[in-house]
Amino acid sequence: MSSPYSRDASRSYLIPLILGFLSILITISILTLTRLLTILVRPRATSLGPTRPTTSSRHPTHLLIVLGSGGHTAEMLNMLRCVPLLSLKFTYRTYVVSSGDGFSALKAREFEMEIAGHQADPAKTQEAGEILHTIRGSYDIVAVRRARRVHQSLFSTPWTASLCVWDCIRVIMDRNPRRTGLPPHQSCNIQNPGYPDLILTNGPGTGVCVVLASLIVLFFGFSGPASSTSGEKFEEKPDRLSRWQQSGQMRTIFIESWARVKTLSLSGKILLPFVDRFLVQWPALEGKGGGKAEFVGALVA
């Protein structure tokens, strides 16, 4: 039988260990939370400080677009058609689709063919009486594993969602081999687009994984200059920074579906605290999420 003295001695050893473990856990939690806050509460881009290199084939402006099956893809492409001079503002575009979603990949190619047709006609790129001499845009279509299949069990969803997030991290860091195979004249113009300057999604489940992946990448310090405005400061020493550091800050915009009139979608509710801007198309949704939801009117033409 153990004596009371031995029990007291064992307790005297355990208490410091428990307190030390709790101290380490609290410290890690505080550091993690602080790092997350610096990512989520980022200042808007300004012309002060380091600037993004002027748009060129060496320093493209990179837009990452998340497409979803069916209505999400049609709605996203309709909104992009309303953006004036899209290929001139974003000289490299990456379309992310779920594996097996051939419809979205096909529609993305058709949309890029429309852009190429506009670029081939000088009259369609004329603005303020002057012809804009710009770089021909390039694009890529990348497939990632589905976050959740139809009728998939909720117990296995965390595993497949984790695989999807991993694929999205590889896409953001330009290490994903699942490209769809683009025509040579579309894929050779810009070799190294770097990190996305802007990530655009309108509600598919894959969009949640892409935004989460961007936060993970930012958490570990992989990003570009804080300002996304054009400038020449990096041109003075072009080898000073790697191509990853010369790219953008992966700003994120979530556009709630036009079909959402009074309530937010599940993807919207999840991403509301994490995206840089949250846009809604109906006035009843304005101010959701502590005033973060911005009413911008109908964006679908």
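The values are calculated or read from the model by the stated rules, or taken from the named source; none is laboratory data. All figures in this text were calculated on a predicted structure; none of them were measured in a lab. Note: ideal-geometry Cβ built from the backbone for every residue, glycine included; neighbour counts use all protein chains shown.
Table for the structure above
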read-out	value
Positions within the range 250-273 being more than 30 Å from Phe220 (Cα to Cα) and either touching a Gly at 6+ places or on another chain (Cβ under 6 Å) or surrounded by fewer than 18 Cβ atoms within 10 Å (Cβ to Cβ) (or both), in sequence order	Ser257, Trp258, Ala259, Arg260, Val261, Lys262, Thr263
Looking only at the range 81-103, and only at residues there that are among the aromatic types (Phe, Trp, Tyr) and outside any strand (DSSP E or B), the one that is surrounded by the fewest Cβ atoms within 10 Å (Cβ to Cβ)	Phe103
Selected residue (criterion: surrounded by the most Cβ atoms within 10 Å (Cβ to Cβ)) from residues of the range 274-301 that are under 20 Å from the mean Cα position of the chain (by Cα) and part of a strand (DSSP E or B)	Val280
Total residues in the range 254-273, condition in a loop (DSSP other than H, G, I, E, B) and within 17 Å of Cys209 (Cα to Cα)	4
Whichever residue in the range 121-154 is assigned to a loop (DSSP other than H, G, I, E, B), under 30 Å from Leu218 (Cβ atoms) and not charged (D, E, K, R) and, among such residues, is modelled with the highest pLDDT	Ala147
